[in-house]
Number of protein chains: 2
Amino acid sequence: MHNGWGAKHLVKFATSQIVSRPPRLLAVNLRHPTKQQTHVVHNFNSGPSVLPKVVFEEASRAILDFNNTGLSILEIGHRTPLFQAVMDEAVALIKELMQLSDDKEVLFLHGGASTQFFQVPMNLLPAGATAAYLDGGTWGTKAIKEARRFGQVHVLGSSADKNYSYLPHDWQVPAGMQYVHITSNNTIEGTQQHEWPNTDAPLVSDMSSDIMSRQLDFNRFDLIYAGAQKNMGAAGVNLVIINKELLGKAERDIPAMLDYRQHIANGSMLNTPPVFAVYVCMLTLRWLKQQGGIAGIEPINQAKARLLYDALERLPVFTPTVAPADRSLMNVVWVMQDPALEAAFLAECKANGMVGIKGHRSVGGFRASLYNALEMSSVEALVALMEDFARRHG
Amino acid sequence: MHNGWGAKHLVKFATSQIVSRPPRLLAVNLRHPTKQQTHVVHNFNSGPSVLPKVVFEEASRAILDFNNTGLSILEIGHRTPLFQAVMDEAVALIKELMQLSDDKEVLFLHGGASTQFFQVPMNLLPAGATAAYLDGGTWGTKAIKEARRFGQVHVLGSSADKNYSYLPHDWQVPAGMQYVHITSNNTIEGTQQHEWPNTDAPLVSDMSSDIMSRQLDFNRFDLIYAGAQKNMGAAGVNLVIINKELLGKAERDIPAMLDYRQHIANGSMLNTPPVFAVYVCMLTLRWLKQQGGIAGIEPINQAKARLLYDALERLPVFTPTVAPADRSLMNVVWVMQDPALEAAFLAECKANGMVGIKGHRSVGGFRASLYNALEMSSVEALVALMEDFARRHG
C-alpha cells in the first residue's frame with residue numbers, strides 16, 4: 001500500500017477556480033416556464049440522484065420524439081441503427097472520457113453493481129483460488145460475501161471495528177491472489193479510496209459512486225464496474241469495463257447472461273438491453289464532455305466538497321464522522337453534536353427544498369451527496385443554512 | 001395435454017365489437033402541436049415496441065417534474081415514499097389485472113427474461129432432478145440450454161424439424177417432473193400456446209410477448225415471467241410472479257441477487273431497482289385498466305390479428321408461415337410467395353411509415369407485432385397496403 005499511485009487528496013481551491021453554475025432556482029423555472037414556480041430544489045440524494053438539467057430536457061423530448069423519427073425512444077427496436085448509434089456513442093464516450101486503452105472492453109449490463117458482486121468471482125475466481133478484498137464499507141462486505149460462494153477470500157483489511165468510518169491502511173497484497181477487489185467510494189459511510197496498491201494481481205474496483213468524478217489512471221484497473229445511477233445516468237444499467245484477457249480461466253459452467261465473454265461478443269446486446277437507461281447515460285456523458293470531461297469536473301467536485309467539509313469543521317454543532325484522510329468528495333456524512341437537534345435541522349433542510357439529506361439508517365445523522373450534476377449553488381445553500389442554524393443553536 | 005384448460009382460439013368478431021381508436025396520425029400531430037407534421041408512423045416492432053400515447057406523454061412530463069415535486073422521476077431515491085407509491089401501485093395493478101390470488105408474489109427484477117432462463121432452474125431445479133420443457137421456439141430452446149446447467153431436462157416435444165413454424169401437440173407430462181416450462185408466445189416464429197397441460201407439477205411460463213394480452217387463469221401458473229418491453233412498458237425490467245411455496249427446495253448456494261426469496265423479502269428493492277422502467281410499467285398498466293383490463297383488450301387484439309391473418313389467407317402474394325391452430329395474436333409472420341418481391345414490399349412499407357416489419361433473420365420474410373398499444377388503424381393501413389400491393393403484383 002505504501003507505493004500508492006494516482007493518489008488524490010482534498011485540495012483547497014482559490015475562489016477564482018470555482019466554476020459557478022446557474023442556481024437550481026433557474027432550472028426549476030425553466031422546467032415550468034408558465035408556472036412562475038419559485039421553490040428551489042436541492043437534490044442531495046445518494047442515488048438515484050441529480051442529473052444535469054439538459055439531460056432531463058433532452059430525455060423528456062426523446063420520449064415524445066427521438067431524433068425526429070416520430071417514434072419515442074421507448075418504442076425503438078434495440079437492433080436498429082437508431083439504437084446502435086446510441087450504444088456506440090455511449091461506449092465511445094466512456095473510452096474517450098476515461099482514456100481507455102484498446103484492450104479494454106466496455107459493457108452496459110443489467111442488474112446493478114450488486115449483480116457484479118457475484119458475477120466478478122463467478123467469472124474470475126476458480127474454485128479453490130483466492131482473491132483479496134478490502135472490507136472498507138457496506139458494499140465491500142457484500143462483495144466479500146458473494147465471492148466466498150465461489151472461492152477463497154483474503155481480507156486485506158477491515159474498518160468494521162468503527163462502523164467503516166475510516167479506510168484500512170497499511171495493508172499489503174500477498175502473492176498468489178487471483179485478483180484484488182477494492183470499493184472506490186463508500187456511498188453509505190462517506191469514505192473514498194485515495195491510494196491504490198502496487199500489485200501484479202489484476203485490480204478490480206466497484207466505482208459505482210464516484211466514477212467519472214475524479215481523474216485516475218483507469219487503465220491500471222483490469223475490471224471496473226459501476227451502477228449508472230449516481231454520476232452516469234438513471235437507475236437500470238451498469239457499466240463494466242474489462243480487460244478480456246482475464247476471462248476464461250475460472251473453468252466453471254457460467255449461464256449465458258452471466259458470462260462476460262458472451263456480452264462482449266454481442267456488444268452488450270446478448271438480450272434486450274435497458275434501452276432508455278443506456279440513452280440517459282449517453283446524454284450524461286455528452287454533458288460531461290462539454291464540462292471538459294473528468295479533468296473539467298474534478299476541481300468543481302473538490303471545491304464543492306471543500307466548502308461543505310470546511311463548514312463541518314468550522315461549526316461545532318455539526319460533527320463529520322469520517323477520518324479526514326479518507327473523506328469522500330461524493331458523499332459527505334455528519335451527525336449533530338447534540339443528537340436532539342437532528343429533527344430540527346432535518347425539518348429546516350426540508351423547508352428549504354433540500355432533498356435526500358437524511359443519513360443512511362446504518363450510520364444515522366446526515367449525508368449530502370455531491371455528484372457531478374449537483375450545482376455549487378446547492379452546496380452554498382446548504383452551508384448557508386448550516387451557518388444560520390449554528391448561530392441559532394451553537 | 002388433452003384436458004387443456006383456458007384454451008383460447010382465434011375468434012371472428014363482428015365489426016360492432018371492434019373498438020376503434022384514434023388513428024396514429026392524430027397521435028403524431030399531438031406530439032408536435034406546432035409542427036403540423038403529417039407523416040404517419042405505424043410501429044410493428046417486436047420489442048421494444050409501441051406503447052400508449054398517454055404513457056409517452058405522462059413519462060415525458062415526469063422526467064421534467066414528477067408529481068409536482070420539482071424533481072425528475074430519474075432523480076428520486078428508490079427508498080422514498082415517492083417511489084414506494086409507484087412500486088406499490090404497479091404491483092397492485094398486476095394483481096388486479098391478472099386477478100392473482102394472495103399466495104402469489106409479484107416482483108420487478110433486472111435482467112430481462114433471458115436472466116430467468118437460468119434463474120428459474122437455479123432456484124427450482126435440484127441437481128439430479130428433472131424438469132419438463134416444451135421446445136416450441138427460439139426462447140424455449142435457450143431456456144432448455146440454461147436449465148441443463150442445473151439439472152436434467154425432459155423435452156416434451158419439439159418443432160425444430162420445421163423451424164418452429166408450429167407448436168408440438170399430443171405430448172404428456174411424465175410423472176416426477178420438478179416443474180413444466182412452456183413459452184406462452186414465440187415472438188420470433190409467431191406461434192402462441194392455446195392449450196395448457198393438466199399436470200400436478202408446478203407450471204412455469206415465459207409470457208414475455210403476450211402477457212396482459214389475453215385472459216388466462218393465471219393462478220394455475222406457479223411461476224410466470226415476462227420482459228416488460230412488449231405489452232407492459234419499456235425495456236429494462238422483468239416481471240416475475242411466483243408462488244413462494246416453490247422456493248427453498250433446490251438446496252443450492254444462490255447469490256443474493258438471484259435468490260427469489262431475497263427479492264420477495266425486500267419488495268423488489270434488494271438493490272436499486274430500474275426506477276423509470278417500473279414507472280413506465282405502472283403507467284402502461286393504468287392505461288390497460290382504463291381499457292377495461294385484459295378482458296377489454298383481448299377482443300381488440302383478436303380483431304387486429306383476424307384482420308391481418310384474413311388478408312394473408314386471401315391474398316396469394318403473401319404466405320403465412322405458421323400452422324393455423326398455432327398462430328399468435330401478437331406476432332404475425334409471413335413470407336412472399338415470390339421471394340423476389342420482398343424488397344419491393346419492404347420498401348413500400350417503409351415509404352408508408354411502417355416500422356419494424358422485417359422478419360427475424362432466423363425466419364426471414366415479414367413480421368408484424370400487434371401488441372396491446374398498437375392501434376387498429378395501423379393494422380388497417382398495413383392491410384390496405386397489402387391489398388394494393390397484391391393488385392399490382394398478383
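The values are calculated or read from the model by the stated rules, or taken from the named source; none is laboratory data. Please read all numbers here as calculations on a predicted model, not as lab measurements. Virtual Cβ from ideal backbone geometry, glycine too; neighbours counted across all protein chains shown. Heavy atoms of the whole protein, side chains included, go into the accessibility calculation; ligands, DNA and RNA do not. Shrake-Rupley method; radii C 1.70, N 1.55, O 1.52, S 1.80 Å.
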Filtered residues of the range B:215-238 (kept if away from every other protein chain (no Cβ under 14 Å) and open to solvent by less than 10 Å² (accessible area, probe 1.4 Å)): B:Phe218, B:Phe221, B:Leu223, B:Ile224
Given (1) modelled with pLDDT of 95 or more; (2) under 30 Å from A:Glu146 (Cα atoms), number of the condition A:Asp103 does not satisfy: (1)
Where a residue in the range A:128-148 is closer than 20 Å to B:Asp259 by Cβ and among the acidic types (Asp, Glu) and its partner, wherever it lies, is open to solvent by less than 10 Å² (accessible area, probe 1.4 Å) and not in a helix (DSSP H, G or I), with Cβ under 8 Å and at least six apart: A:Glu146/B:Pro255
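To keep it simple, each residue is scored yes or no on (1) out of contact with any helix residue (DSSP H, G or I) (no Cβ under 6 Å at 6 or more places or on another chain); (2) within 14 Å of chain B (Cβ to nearest Cβ); (3) without any contact (Cβ under 8 Å) to a residue 12 or more places away in the chain.
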| residue | (1), (2), (3) |
| --- | --- |
| A:Leu258 | no, yes, no |
| A:Cys281 | no, yes, no |
| A:Leu285 | no, no, no |
| A:Lys289 | yes, no, no |
| A:Gly293 | no, no, no |
Subset of the range B:144-167 that is touching a Pro at 6+ places or on another chain (Cβ under 6 Å) and hydrophobic (A, V, I, L, M, F, W, C) - its residue that is nearest to B:Ala323 (Cα to Cα): B:Ala147
Odd one out for B:Ala295 among (1) at negative phi; (2) more than 23 Å from the chain's Cα centre (by Cα): (2)
Matching helices (runs of 4 or more DSSP H) fully within the range B:30-144 where at least 2 residues are of a type in the set (Val, Ile, Thr), surrounded by 18 or more Cβ atoms within 10 Å (Cβ to Cβ) and in contact with a Leu (Cβ under 7 Å, 6 or more places away or on another chain): B:53-64
Checklist (1) touching an Asp or Glu at 6+ places or on another chain (Cβ under 8 Å); (2) within 15 Å of B:Gly233 (Cβ to Cβ); (3) among the aliphatic types (A, V, I, L, M) applied to B:Leu107, failing item: (1)
So A:Ala62, is it farther than 30 Å from A:Asn186 by Cβ and more than 8 Å from chain B (Cβ to nearest Cβ): yes
Residue match in the range B:167-178 (condition: assigned to a helix (DSSP H, G or I) and in the same structural domain as B:Val275 (by TED's automatic domain parsing)): no
Selection status of B:Ala325, open to solvent by 50 Å² or more (accessible area, probe 1.4 Å), out of contact with any Ser or Thr (no Cβ under 6 Å at 6 or more places or on another chain) and closer than 27 Å to B:Ile94 by Cβ: no
Pick from the range A:61-117, criterion among the basic types (Lys, Arg) and either without any contact (Cβ under 8 Å) to a residue 24 or more places away in the chain or in contact with a Cys (Cβ under 8 Å, 6 or more places away or on another chain) (or both), ranking: nearest to A:Leu288 (Cα to Cα): A:Lys95
Failed condition for A:Pro299, given (1) open to solvent by 20 Å² or more (accessible area, probe 1.4 Å); (2) part of a loop (DSSP other than H, G, I, E, B): (2)
Odd one out for B:Val155 among (1) aliphatic (A, V, I, L, M); (2) open to solvent by 50 Å² or more (accessible area, probe 1.4 Å); (3) within 22 Å of the chain's Cα centre (by Cα): (3)
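Results for (1) farther than 27 Å from A:Gln192 by Cα; (2) not in a loop (DSSP other than H, G, I, E, B), shown as yes or no for each residue.
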{"residue": "A:Cys349", "(1), (2)": "no, yes"}
{"residue": "A:Arg361", "(1), (2)": "no, no"}
{"residue": "A:Gly364", "(1), (2)": "no, no"}
{"residue": "A:Arg367", "(1), (2)": "no, yes"}
{"residue": "A:Leu374", "(1), (2)": "no, no"}
{"residue": "A:Glu380", "(1), (2)": "no, yes"}
{"residue": "A:Val383", "(1), (2)": "no, yes"}
{"residue": "A:Asp388", "(1), (2)": "yes, yes"}
{"residue": "A:Arg391", "(1), (2)": "yes, yes"}
Tabulated pairs, the range B:300-317, first assigned by TED's automatic domain parsing to the domain that holds B:Ser378 and at pLDDT below 95, second open to solvent by 20 Å² or more (accessible area, probe 1.4 Å) and of a type in the set (A, V, I, L, M), C-beta under 8 angstrom, 6+ apart or interchain: none
Selected residue [open to solvent by 40 Å² or more (accessible area, probe 1.4 Å) and outside any helix (DSSP H, G or I)] from A:Arg252, A:Arg286: A:Arg252
Where a residue in the range B:380-394 is without any contact (Cβ under 8 Å) to a residue 60 or more places away in the chain and its partner, wherever it lies, is outside any helix (DSSP H, G or I) and open to solvent by less than 50 Å² (accessible area, probe 1.4 Å), with Cβ under 8 Å and at least six apart: B:Leu385/B:Met354
Number of the exception - B:Asn266 against (1) of a type outside the set (D, E, K, R); (2) open to solvent by less than 10 Å² (accessible area, probe 1.4 Å); (3) free of Cβ contacts under 8 Å to residues at least 40 places away in the same chain: (2)
